[in-house]
1. Taking the conditions exactly as written (buried (at least 24 other Cβ atoms within 10 Å of the Cβ) and at pLDDT below 80), does SER352 satisfy them or not?
2. Which ones in the stretch 91-103 are farther than 27 Å from PRO179 by Cα and either surrounded by fewer than 19 Cβ atoms within 10 Å (Cβ to Cβ) or touching a Phe, Trp or Tyr at 6+ places or on another chain (Cβ under 7 Å) (or both)?
3. Do the conditions hold for LEU298, that is, is it assigned to a loop (DSSP other than H, G, I, E, B), modelled with pLDDT under 80 and more than 20 Å from ASN34 (Cα to Cα)?
4. If you check THR156 against the conditions, is it within 17 Å of VAL221 (Cα to Cα) and among the polar types (S, T, N, Q)?
5. Quick one: which of LYS325, LYS360 is modelled with pLDDT of 75 or more and among the charged types (D, E, K, R)?
6. Condition first: out of contact with any helix residue (DSSP H, G or I) (no Cβ under 9 Å at 6 or more places or on another chain) and under 29 Å from GLU41 (Cβ atoms). Now tell me which residues in the stretch 174-208 satisfy that.
7. Looking at this structure, is TRP71 aromatic (Phe, Trp, Tyr), at pLDDT 95 or above and in the same structural domain as THR25 (by TED's automatic domain parsing)?
Amino acid sequence: MDLSLSDHDLAFRDDVRSFLAAKLTPALKTAGQNRTSTFQEPESALAWQAILHAKGWAAPDWPVDYGGSGWSVMQRYIFASECARHEAPYLFPTGLKMCGPALIGHGTAEQKAYYLPRILNGEHFWCQGYSEPGAGSDLASLTTAAVADGDDYVVTGAKIWTSYAHRADQIFCLVRTDPTVKPQAGISFLLIDMKAPGITVEPIITLTGKHELNQVFFDAVRVPQANRVGPENQGWTVAKHLLEFERTHMPAAELERALERVRRIGREPAFQADPLPGFASQLATVEIAAQAIQMTELQLMARLSHGESPGTAASAMKVQKSELKKRINGLAVSALGHYAGVYQPEALVPDSNHTPIGPKTGIAIMPTYLEEHMLTIAAGSAEIQRNIIAKAVLGL
């Protein structure tokens, strides 16, 4: 594979850099720098999405007919890399990277016409209703029931670990529509208005004290059957399609962003005066791993550009990216030592200008380290992904 940039790609990169320089305001850049979680907080994510949508760049991976950019694989890679390099806010993925592709792949013409424009312009803010108190890694054991009643389903049950459900106005859910068949065969995929009567959202506070996660309760919530995506009892197929995109939504460029934070720590006089033993070797090891992931990501994007499903490669990339991200952040915590302590979440090592490395410069290491432990659990745990690879690829 030739990874060198053509003159056309170099011109595109210059256009992206000019756009980011003009449109990425100090407030938006600060918000991007201060992100410590997998998810950007909604205000800056939606503000940045509005700017990108006006340019036609909010959903580069979507087909042009539905609002995509029409970029090549390399152009998408360049755009993601430049956004990470310029520390732009991270767009919220539940609509653009998850529900949108599911609708494009399995939705009706009416569903696409109604929901896709609202996902693009940010009018609809989505959350994901998959995991339940008794169904996490074993998602097929979910029990939230949807019973047909006329033109509606009546939904009763609960979802958990639902990111930003307290801010969302829409949720896409897996529900059980046939309890008499094998678990995967009796599941349907529903789109539900979060303002519907009978929905209650209870907060779950994370280790860092943030309110991102929630438990969502459904008490006889009526949902039109027209909101079902795909055939009844075929929701597992839709869910697998969506998860393939969810598992690839963290670009390799995000690893570069995390690596640059570690490099910056290594350049500080305070660190150089008392360096972490073996720091250079550990940094080189994770840099090499990140480069290998970038190469693999390009191959995966090429498959997607030809209309192929990412398949089990999504599972492999999900494991590699999430585990490497934790290793990089762990190295940052080790390098900062007591400055990264639990009660000092914003690193306070002064830089060469005697300015604290804190929220204004994007080095909030401990909250990032704690929050991103979820990376190897969310969208299917690393253990489950390895089982998928072992079964589908190795035939075990």
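The values are calculated or read from the model by the stated rules, or taken from the named source; none is laboratory data. Every value quoted in this text rests on a predicted model; they were computed, and no experiment measured them. Please note: Cβ atoms are built from the backbone with ideal geometry, for glycine as well, and neighbour counts cover all protein chains shown.
1. no
2. Of the residues in the stretch 91-103, the ones farther than 27 Å from PRO179 by Cα are 91-97, 100-101.
Hits for the stretch 91-103 are LEU91, PHE92, THR94, GLY95, LYS97, GLY100, PRO101.
3. no
4. Here the answer is yes, as THR156 does meet what is asked.
5. From the options LYS325, LYS360, the qualifying one is LYS325.
6. Of everything in the stretch 174-208, those that are out of contact with any helix residue (DSSP H, G or I) (no Cβ under 9 Å at 6 or more places or on another chain) and under 29 Å from GLU41 (Cβ atoms) turn out to be MET194, LYS195, ALA196, PRO197, GLY198, ILE199, THR200, VAL201, GLU202, PRO203, ILE204, ILE205.
7. Working: aromatic (Phe, Trp, Tyr): yes; at pLDDT 95 or above: no; in the same structural domain as THR25 (by TED's automatic domain parsing): yes.
Spelling it out, it is not the case that TRP71 is aromatic (Phe, Trp, Tyr), at pLDDT 95 or above and in the same structural domain as THR25 (by TED's automatic domain parsing).
Matching residues to (1) in contact (Cβ under 8 Å) with a residue 60 or more places away in the chain; (2) surrounded by 20 or more Cβ atoms within 10 Å (Cβ to Cβ):
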residue: GLY105; (1), (2): yes, no
residue: GLN111; (1), (2): yes, no
residue: TYR130; (1), (2): yes, yes
residue: SER141; (1), (2): no, no
